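K.L.:
First the structure, then my questions, so here it is.
We did not get these values from a lab; they are worked out from the coordinates using the rules stated. Note that the coordinates shown come from a computational prediction; the quantities given were computed from them, not determined experimentally. Note that we place each Cβ from the backbone using ideal geometry, even for glycine, and neighbour counts take in every protein chain shown.
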Amino acid sequence: MTGFTAAYWLGPRLKRDRDSFYPNNVLLMLVGAGILWVCWNGFNGGDPYAASPDAGVAVLNTNICTAMSLLVWTTLDFIFFKKPSVIGAVQGEITGLVAITPAAGFVTGWGAIIIGACSGSIPWISMNVLGRMEWMKKVDDVMGVVHTHMVAGFLGGFLTGIFATIDGCAAFGLKNPGGAIEGNGKQVWLQIVGALFIIGLNLFMTSLICVFIKFVLRIPLRLNEQQLMVGDDAVHGEEAYALFFEGERSHISLHATGFDSGHIVDTHNLGNHHESGQESPPTPGASKKS
């Protein structure tokens with residue numbers, strides 16, 4: 001909810017970036033997703049602060065739920081879009097990790113499977129149905145965090161109130177009599193109220209921080225339009241990737257006079273000089289080969 005609220009205050013990206021929005025590097029995304037999954041075992045399994053049976057249960061449930069969530073999300077992609085998606089699989093992994101976190105040490109294995117099935121389907125519906133509606137597009141949620149984190153997190157907390165067991169709670173030293181499956185339906189409402197409180201707190205505090213930065217400190221929350229056209233070079237003076245035309249950028253070049261002068265050179269046709277018989281203008285400071 002914090003990221004979604006901050007995206008509202010920052011405003012949308014340029015229309016060019018929203019219309020042409022491709023992943024930067026799917027391979028690195030998979031590397032990061034793998035690291036995330038492995039480390040999440042320590043995140044959930046470390047909650048008991050001991051190498052104990054309940055820590056082992058938390059780790060096991062984390063992997064069961066996440067695997068189930070990934071498979072369900074990928075299956076839905078295949079059913080509705082006629083092809084499985086690597087990016088979709090990673091989204092399903094993330095929703096599974098988020099949803100099982102509040103429940104990891106409290107539910108049984110079959111409870112983790114049900115939570116995984118829900119976390120792979122309900123956030124999928126949220127992202128691919130609700131996320132395509134015009135009122136949702138008014139906030140430029142680039143990474144879809146409202147679906148993968150808020151929806152999945154709310155879902156995990158809610159389902160914990162249903163599937164938490166007495167033994168699971170006792171393993172953590174809690175006197176709570178489990179969730180709805182143990183006859184404690186009150187826990188479901190406590191989970192819902194707690195989730196709504198956190199959503200409201202995030203909404204209020206994030207808005208307060210953004211308003212303070214923008215209107216009190218007078219610090220802009222976003223770059224101006226010209227800087228957005230240039231991208232990272234406008235802030236850092238360097239490119240993350242320079243793989244085109246022997247180091248030149250794929251769409252713009254600032255080498256000639258630099259961004260500070262406001263001079264931007266289009267390099268879309270940089271490679272056409274061979275066909276026209278004309279040479280490209282020399283780069284300033286470059287030595288001419290004999």
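K.L.:
Please provide three numbers in whole Å: the alpha-carbon extents of the stretch 93-174 along the principal axes, with the largest listed first.
P.N.:
Principal-axis extents of the Cα atoms in the stretch 93-174, largest first: 46, 20, 18 Å.
K.L.:
Sticking with this structure for a sec: Using packing as a proxy for protection, rank 19-30, 2-13 so that the peptide with the highest average count of other Cβ atoms within 10 Å comes first.
P.N.:
Answer by packing, highest mean first, reads 2-13, 19-30.
K.L.:
Starting from 0.36 nm per residue, how many nanometres of slack lie between Lys15 and Leu223 once their C-alpha separation is accounted for?
P.N.:
Length gained, Lys15 through Leu223: 73.4 nm.
K.L.:
Also: Taking Cα centroids, how far is the stretch 82-128 from the stretch 1-27 in Å?
P.N.:
Answer, in whole Å: 23.
K.L.:
Hey, another quick one. I need the peptides 108-116, 37-45, 147-155 ranked by packing, meaning the mean over residues of other C-beta atoms within 10 angstrom, with the highest value on top.
P.N.:
The packing order, highest mean first, is 147-155, 108-116, 37-45.
K.L.:
Under a Cβ-only charge scheme (Lys and Arg +1, Asp and Glu -1), can you give me the dipole magnitude of the stretch 2-216 about the Cα centre, in debye to the nearest 20?
P.N.:
Dipole magnitude for the stretch 2-216 comes out near 660 debye.
K.L.:
In debye, nearest 20, what is the charge dipole magnitude of the stretch 121-184 about its Cα centre with +1 on Lys and Arg Cβ and -1 on Asp and Glu Cβ, if you could check?
P.N.:
Using Cβ point charges on Lys, Arg, Asp and Glu, the stretch 121-184 gives about 120 debye.
K.L.:
A follow-up question, please. Return a single number: how many Lys pairs in the stretch 2-216, at a sequence separation of 8 or more or on separate chains, have alpha-carbon atoms below 21 angstrom apart.
P.N.:
Close lysine pairs found across the stretch 2-216: 4.
K.L.:
Going by average Cβ density within 10 Å per residue, which order do the peptides 166-178, 78-90 take, highest to lowest?
P.N.:
Output ranking for 166-178, 78-90: 166-178, 78-90.
K.L.:
How much length is gained if the chain between Leu190 and Phe81 is pulled fully straight, taking 0.36 nm per residue apart and subtracting their Cα-Cα distance, in nm to one decimal?
P.N.:
My answer for the length gained is 35.5 nm.
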